[in-house]
Each structure stands twice: as structure tokens, then as C-alpha cells.
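Everything below concerns the one structure shown next.
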Amino acid sequence: MKKPLVLVVVALAVMLAAWAWWHSNQHEDEGALVLYGNVDIRQISLAFDGNGRVTEVRAEEGDAVRAGSVLAVLDTRTLALQAEQAQAQLEATEQALLSLRNGARPQELAQARSRLAATQAEALQAEQDLKRLQGISAQTQGRGVSAQDLDRARSALRVAQARVAEQGEALHLMELGPRAEEVAGAQAQAEAARAQLALLRHQIAQGELKAPADAVVRSRLLEPGDMATPQRPVFALALIQPKWIRVYVAEPDLGRIRPGMEARVFTDGRPSEAIAGRVGYISSVAEFTPKTVQTEQQRTSLVYEARVVVEDADNVLRLGQPATVHLIAGEAQ
């Protein structure tokens, strides 16, 4: 007799606890605004910035990826060779610029001075030869030296003097160094080569497709060997955060909801586990009830879209999943 009595007492205790839980929930939700909607998540259509052939695809559908992780790789060997060529061109232009900035070497200046001294000696010799011929012509009253010899001596002197002037100007320019315009032009060429190399390296880096944020791979759209373009996405990603429930509020209930109001979200799979949320957006424009919305009002009634942002730490909500939102009634702002 004791055993059945214990069973009855246990059954009564369980029923009492269930009634207390139900009563507390009913009391807690008394005056609550219940809305129905679906989970909404931002999505990313992820594609390469350039064209090329896909060599690696490192993520599968359903994989959770972290921001910055490499998901796919393009063949960038051609760009790598072009980068090596650009590197060589950059080094050549930098060396040319360095040569202009350093100016002439001491040995080159010494050679220029030697050439000037040699032309000066030639000019002096030509001048002495002309004076000698003129003296002979004066002593012999023009019979000892022909007019042609005097003309050749004068021409030789003028040529020697011109060479002296040329070598003197060349030495002066070498001592002054290169023109500022030449240095600026060489520097511009070096900057252009440096920019070209940076562009090629950037294009090589763009050959790695990286996740822009923490997300879940929804679709894998290309495979190794496919040709990728900026218009052909490789992945469709669903962002982990933020998530929200898109609901629609009838006009009579519009005064019972305000931005920032706390909410509890329930799903059919976890009807007893509430997910914390908060009203983040209320539309200011009325619209006809969408066909996918489940409300008790007629479909021709005007409603206002609202978004309830949720804190889904366990990542249990999925895109498009139906959800029930409980809002405690409050004064509108």
C-alpha cells in the first residue's frame, strides 16, 4: 500500500510543478504582444576581383569560416613573372637616378680637365705657328710665306680655340652636375616603376579570396579549373551576426511597440527555450501584409515592418526559419 501511495504523491507533485510553470509563464506573458515572422540574415556574394583560373577551393558548404581566412586561390603565375620584370625595371631606374644625384666621379672630372689642357696646348701651338708665319711674311714682304699657308694657320687657330671653349664648357657642366629637370624626370620614372610593381603585387594578393567576416558557407559555386570573373561569385556566405526576425505589426498594435524594447524569440524546434532580442527597427511606411506573414489580421490589412535583433550566441537560428516573438507591452516613444 505504501508504494502506490508514493507514486500518487510523486504524480501530484509533478502536476503541481507543471501547473506552477504554466501559471508563471501565463502571468509573465500577460499583456504581451505576440508576433510571427522569419529569421533574416545578411548574405555576401563573394567573387574574385580579377579574372583567372581557379586552382584551389578550400571551403565546403556549411563550413563556418573566420574573417580573413583564405577560401579560394587563383592561378597568378603570369602576374608573378610580370612582377619580377617590374622589379628589375625598378632597380634599373633607381640606379640611373642615383647616378644623376651623385654626379660625376673624381676620375671623370680629372679626365675632363686633361682634355681641356690638351686643347689649350693645341691652341697655343696653333697661335705660335700663325705668329711665326706672320713674322716670316713681314720680313720677306710676303714672298717667304704664301697666303694659303697663312689662311690655314688662322683656321687651325680658330679650330683649336673652339675646341678649348667646348672642353671648358663640358668641364663646367660636369662640375655643376645634372639639371634639376633630369633628376626629376628620373625620379618620376622610378616612381612609375614602383607603382607598377605595387599594382602587380596587389593583383597577386587579390588572387586569394578571403572571407570578409565571420560567416557560414551557404553555396559553393565554382570548382578548381573554372574561370573566375568579378561577375561570377565563388561562394554565397551567410553572416553569423547580426541576425534578426522580420515581423509585421498591425496598425492597432503600433502603439505597443518601440525601438529598444526587449523581446523573447521562440522557434518550433525549441519552444521552451527563449532567445533574447531587442526591437531594432520599425518602418515608418505602411504596406499590405506580405503573403508569407502569418497573422490573425486579414491579408488586406496594412501593417508595418519591424526587425527584432537577436543575440544568437549558440547559432541555432537559420535563414528563413519561422519564429515567434513575444514583446511585453509598453508605451510608445
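The values are calculated or read from the model by the stated rules, or taken from the named source; none is laboratory data. Bear in mind that the values here come from a model prediction, so they are computed numbers and not experimental data. For neighbour counting, all protein chains shown are included, and Cβ atoms are generated from backbone atoms with ideal geometry for every residue, glycine included.
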### Query
Does Glu94 qualify as being among the acidic types (Asp, Glu), surrounded by fewer than 18 Cβ atoms within 10 Å (Cβ to Cβ) and touching a helix residue (DSSP H, G or I) at 6+ places or on another chain (Cβ under 8 Å)?
yes
### Task
Name every residue in segment 282-308 that is at pLDDT 85 or above, surrounded by fewer than 17 Cβ atoms within 10 Å (Cβ to Cβ) and part of a strand (DSSP E or B), in order of residue number.
none
### Task
Tell me which residues, restricted to segment 73-96, are closer than 15 Å to Ala195 by Cβ and touching a residue at least 12 places away in the same chain (Cβ under 8 Å).
Gln82, Ala83, Ala86, Gln87, Gln89, Leu90, Thr93, Glu94
### Message
I need a count of the residues in segment 310-333 that are in a strand (DSSP E or B) and modelled with pLDDT of 85 or more.
### Response
7
### Task
Show the residue pairs that are 6+ apart or on different chains and have beta-carbon atoms under 7 Å apart, the first residue being within segment 97-116 and over 14 Å from Glu169 (Cα atoms) and assigned by the TED database to the domain that holds Glu169, the second being surrounded by 15 or more Cβ atoms within 10 Å (Cβ to Cβ) and at pLDDT below 80.
Leu100/Pro178; Gly103/Pro178; Ala104/Met174; Glu108/Met174
## Note on the structure
When Ala215 is run through (1) assigned by the TED database to the domain that holds Asp49; (2) under 30 Å from Glu122 (Cα atoms); (3) of a type in the set (Gly, Ala, Ser), the failure sits at (2)
#### Entry: Hits in segment 163-191 - residues which are without any contact (Cβ under 8 Å) to a residue 24 or more places away in the chain and outside any loop (DSSP other than H, G, I, E, B)
Ala165, Glu169, His172, Leu173, Leu176, Ala180, Glu181, Ala184, Gly185, Ala188, Glu191
### Task
Please enumerate the residues belonging to segment 35-86 that are on the phi > 0 side of the Ramachandran plot and in contact with an Asp or Glu (Cβ under 6 Å, 6 or more places away or on another chain).
Gly52
### Query
Before we move on, is Ala104 of a type in the set (Gly, Ala, Ser) and not in a helix (DSSP H, G or I)?
yes
### Query
Just wondering, is there one or more residues in segment 233-251 that are exposed (fewer than 14 other Cβ atoms within 10 Å of the Cβ) and not in a strand (DSSP E or B)?
yes
### Message
Cβ contacts < 7 Å: first residue over 13 Å from Gln128 (Cα atoms), restricted to segment 141-159; second residue among the β-branched types (Val, Ile, Thr), any location; separation 6+ or different chain. Result?
### Response
Gly144/Ile136; Val145/Ile136
### Query
Regarding Leu124, is this residue more than 60 Å from the chain's Cα centre (by Cα) and farther than 30 Å from Ala190 by Cα?
yes
